[in-house]
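Q: I have a structure I would like to understand better, so I am pasting it below and will then ask my questions one at a time.
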């Protein structure tokens, strides 16, 4: 019996039969992802309060020259959109690069924004918190507590009609009254927030005032948010969205964000906070035409494996 020796990187030798067909599996970094704090701590990315807090472009804080909360898409678009980092820009923006970025083939394009943290645990929480605040305290005719009880009664019926598995067991005023910066921000887990969005969208459409520009903006924002999640859920087995669907995902993302700009501090209340996560969601929308945000991690890793 004849054996041959295969030398493997790392110093390990394997004894193989001469008739053995060698199959080598090589790990390829598809993407790495994490929330903003994780990226800042482990990958030396800018912190949320930095002058230029974005890893993908030179956007600044809202009071800077390239405000990250500019989501304009007409007349040339927001300036930062024309300045998205190339690999060279990405490396040049960090004077003390993390060793991770020295791996051949790894760059800023390998770092993917965590869609769940950016949208469901970020932007959606502020939007739903603000809508619930308006319904409970400003628009519905009863006391805030009675109003939130009526809202949950509608939500519970909506859950049952759609056989929703991940539900809010209760809605209370203390769950959205005051969040960071004094803006309403709904408490809850990512899937609870995601599954509540269609219910609140249906409730708003049912009771909104026709012709009211702000009511229409809220309706369009809620609808766009639901469509974004629906697109990703419907194409969860794909590593890339079909071209036209990718364009639709981008359009729905910016529609969602632009309506929030219109609604920011609506009617004198501190509502619809625009945070850095909204800017990150814009990047998710732009990248949706190439590699979609990994809505379903299992589906992506399943395809790789």
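Readers should treat all values here as calculations from the given coordinates under stated rules, not as data from a laboratory. These numbers come from a predicted model, not from an experiment. Every residue, glycine among them, receives a Cβ derived from its backbone with ideal geometry; neighbour counts consider all protein chains shown.
Q: How would you rank 154, 42, going from fewest to most other Cβ atoms within 10 Å of each one's own Cβ?
A: Taking fewest neighbouring Cβ atoms as first place, the list is 42, 154.
Q: Follow-up question, since we're still on this one. Sorting 63, 124, 229 on the 10 Å Cβ count, fewest up front, what's the list?
A: Lowest to highest Cβ neighbour count: 63, 229, 124.
Q: Does segment 118-260 come out rounded, prolate or oblate, given a ≥ b ≥ c as the square roots of the eigenvalues of its C-alpha gyration tensor, rounded meaning a/c under 1.5 and, failing that, prolate meaning a/b above b/c?
A: prolate
Q: Could I ask something else about it? Which value in nm describes the separation of the simple spin-label points at residue 146 and residue 91, placed 7 Å from the Cα toward the beta carbon?
A: Going from the residue 146 label point to the residue 91 one covers 6.7 nm.
Q: How long is the gain from residue 230 to residue 267 if the chain were fully straight, where each residue apart is worth 0.36 nm and the alpha carbon distance is subtracted?
A: So the chain would gain 10.2 nm between residue 230 and residue 267.
Q: Does the chain come out rounded, prolate or oblate by the C-alpha gyration tensor, with a ≥ b ≥ c the root eigenvalues, rounded set by a/c under 1.5 and, if not, prolate when a/b is larger than b/c and oblate if not?
A: prolate
Q: With springs only between Cα atoms under 10 Å, which of 182, 285, 129 fluctuates most in a Gaussian network model of the chain?
A: 182
Q: Kindly work out what percent of the DSSP beta bridges joining two residues of the chain are antiparallel, to the nearest 5.
A: Roughly 60 percent of the DSSP beta bridges within the chain come out antiparallel.
Q: Which shape class applies to segment 49-92: rounded if a/c is under 1.5, otherwise prolate when a/b exceeds b/c and oblate if not, where a ≥ b ≥ c are the square roots of the Cα gyration tensor eigenvalues?
A: oblate
Q: Cut-off is 10 Å between beta-carbons; in what order do 219, 57 appear when sorted fewest neighbours first?
A: Arranged by neighbour count, lowest to highest, 219, 57 become 219, 57.
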